[in-house]
1. Show me, bin by bin at 10 Å from 0, the whole-percent P(r) of segment 172-225 based on Cα pairs.
2. What are the residues whose amide H is under 5 Å from the amide H of His215, where those residues sit 5 or more places off or on another chain and H is modelled from the backbone?
3. What pairs in Lys22/Lys55; Lys110/Lys147; Lys22/Lys80; Lys147/Lys167 have C-alpha atoms more than 19 Å from each other?
4. Do any chymotrypsin sites (Phe, Trp or Tyr not before Pro) in segment 178-232 lie in a loop, going by DSSP, with at most 13 other beta-carbon atoms within 10 Å of their beta carbon, and if so which?
5. Once the convex hull of the alpha carbons of the chain is built, what does its volume come to per residue, in cubic angstrom?
6. Under 18 Å Cα to Cα from Lys195, which lysines show up? Leave out anything in the same chain fewer than 8 places away.
7. Which of the three applies to segment 10-103, rounded, prolate or oblate, going by the alpha-carbon gyration tensor with a ≥ b ≥ c and a/c under 1.5 meaning rounded?
8. Given just the C-alpha atoms of segment 110-225, how large is their convex hull per residue in cubic angstrom?
Amino acid sequence: MQEKTTSFSIKNWSQDDRPREKLLHKGKAALSDAELVAILIGSGNREESAVDLCKRILASVENNLSALGKLSINQLTEFKGIGEAKAISIIAALELGRRRRSEEALEKFKITSSRSVFELMQPVIGELEHEEFWIIYVNNSNKVLQKNQLSKGGITGTLVDVRLVLKTALEVGATALILAHNHPSGTLKPSEADKQITQKLKHAAQSLDIKVLDHLIITEKAYFSFADESLL
């Protein structure tokens, strides 16, 4: 007698257990993180449903969506039932969420404190595994006009193109600059190079009556502000 196999495809679940239908009838906020990810992958494996599989994947990163977004395709495909296509769907969805958060922050952003700079830049550089140095250009009202990546990789004074920074400031009508870069190591202590870059840009900008308001070192969950620590 042939053994009967059980399919864990979402279409074969009971009506109450289907996350797609749950979203349709109860709204997106009613779904757990695992149920939302389950919608992306559609099915689990022979032993577990898509939701159970997603619960296990999320448990592996302590139910942290930011940590889930850092997993590579190879790391995701280590879970039985996750092939390359499903892994790509998960990565793409989380990247869209990260970009949306970044865009929403820029749309409404007026710099009121170092914390607001952190909220603007953390989605951009807080979770990177390499260093990036960014310039935020603001007007008289401290509204963000533009933010540009200045360099990628290790930071030294030679990487700072002061002319380019000031040229952009004049083009967008900025009256002040805010510097920001990340420390993938998680340390919040500024290096000598960090301090030198800050002073170099501060002195160069003064000649055009442009102020450097702050320089933030950003990690995944915290930041260091030169202005708050009276280092400007």
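Read-outs: derived from the displayed coordinates by stated rules, not from any lab. Computed from a predicted structure; not experimentally measured. Here the Cβ positions follow ideal geometry from the backbone for every residue, glycine too, while neighbour counts run over all protein chains shown.
1. Calculated P(r), rounded to whole percents: 24, 48, 24, 4.
2. Leu179, Phe226, Ala227
3. Working: Lys22/Lys55 17 Å; Lys110/Lys147 13 Å; Lys22/Lys80 25 Å; Lys147/Lys167 14 Å.
Those over the limit are Lys22/Lys80.
4. The qualifying sites: there are none.
5. Values: hull volume 33.6 nm³, N = 232.
Dividing the Cα hull volume of the chain by its residues yields 145 Å³.
6. Lys152, Lys211
7. Working: a/c = 1.86, a/b = 1.16, b/c = 1.61.
Oblate, since a/c reaches 1.5 and b/c is not below a/b.
8. Numbers: hull volume 9.8 nm³, N = 116.
Output value, Cα hull per residue: 84 Å³.
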